[in-house]
Amino acid sequence: MEHGTIDDELLSAWVDGELDNRPEDRQRVEAWLREHPQEAARARQWAADRDALLERFAAQLDEPVPPRFRALLLSPAARSQRPWLRAAMAAGLLLAGGLIGALVGRHWPAGEAAAPLAASGGSGSGWVQRAAYAHSVYVPEPRHAVEVKAQEEHLARWLTRRIDLPVKLFDLRDQGFELIGGRLLPDGAGKSAQLMYQDAQGTRITVYLRKPEQPTDAAFRYEQQGEMGLFYWVESGAGYALVGALPKERLLALAQEIYRQHPQSGASPAPAASR
């Protein structure tokens, strides 16, 4: 017997025990899961992720509110708001922290270097750290790693219009990587583009493009964050960050090929890596 379609919102509510007071919905979800073993496996993975996050961040639940958040809540502007609005502000801060923690916990296993979301943890500037974070979020996705697939002809034109920079779909096939596609990303006060490539073994790399903040060092640099390496540089007003879990030498060869194919690179030799 088919029990209709269960959307992710209802499935998530079932995983979190929110349907205990809604027995009809709970029974419908459970019957549907018995008929859809793949979705049941996905729900179990959600529950495992939830439990792992709760265990990993349990200590933070007892920590005091960070001073910068406390200052925001106790500011004159906040005190002038109605009580329910102050409560909403506090809840919003907690929710933002929880979402960040969830993403970091899901994509950065325990024991690795600190997640690149914390820009102060590395030598690169903020946009470089956001490139690393975007890589860690989308590379593991099995089905929705990109927003627009490489086969769709409008990919380069669409991204060029959106980020106001010429976006070239770099040809890295000689280096063993095929373009999967790309996506548009919110990035601070602006927008950025992410191109994703994959080799025959399923290893993925990303190229992140945006207008970098000023002033930004234009030098060609390398940074290591756990198993992940980053080459980043600025050329003709465009910031590039190549990210991947590859040996430095192989990542450097890819970065040099991207530099060579840059629309304004001309005959300039590709730079060597520096730290």
Any idea how far apart Ala48 and Asp174 come out in nm if each label point goes 7 Å out from Cα toward Cβ? 4.2
Hey, rough spin-label estimate for Gln201 and Gln27, points 7 angstrom out along Cα→Cβ, what's it come to in nanometres? 5.3
Among 170-178, 130-138, how do they line up from the highest to the lowest mean number of other beta-carbon atoms within 10 Å? 130-138, 170-178
Between Val167 and residues 5 or more places away or on another chain, the pairs with built amide H atoms under 5 Å apart involve Thr160
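Take the Cβ-Cβ distance between Leu184 and Asp20 as r, set R0 to 25 Å, and report the resulting FRET efficiency rounded to the nearest 0.05. Spell out each step's value before the answer.
Working: r = 40 Å, r/R0 = 1.59.
That pair, Leu184 with Asp20, gives E of 0.05.
Of the peptides 23-29, 189-195, how do they stack up when ordered by the mean number of other Cβ atoms within 10 Å, highest first? Walk me through the intermediate numbers first.
On the way: 23-29: 14.3, 189-195: 19.6.
The peptides rank, most packed first, as 189-195, 23-29.
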Once fully extended, how much extra length lies between Arg250 and His36, figured as 0.36 nm per residue of separation less the alpha-carbon to alpha-carbon distance? 72.8 nm
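Quick one: length gained pulling Lys191 to Ala219 fully straight, 0.36 nm per residue minus the C-alpha distance? All intermediate terms of the calculation are to be shown ahead of the outcome.
Details: separation 28, 0.36 × 28 = 10.08 nm, distance 2.21 nm.
That works out to 7.9 nm of additional length.
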Which of the peptides 225-231, 9-15 is most tightly packed, and how do the rest follow, going by the mean number of other Cβ atoms within 10 Å of each residue? 225-231, 9-15
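Just so you know, all these numbers are worked out from the coordinates, no wet-lab data involved. Source: prediction; values computed, not measured. With ideal geometry, Cβ positions are generated from the backbone for all residues, glycine too; neighbour counts draw on all protein chains shown.
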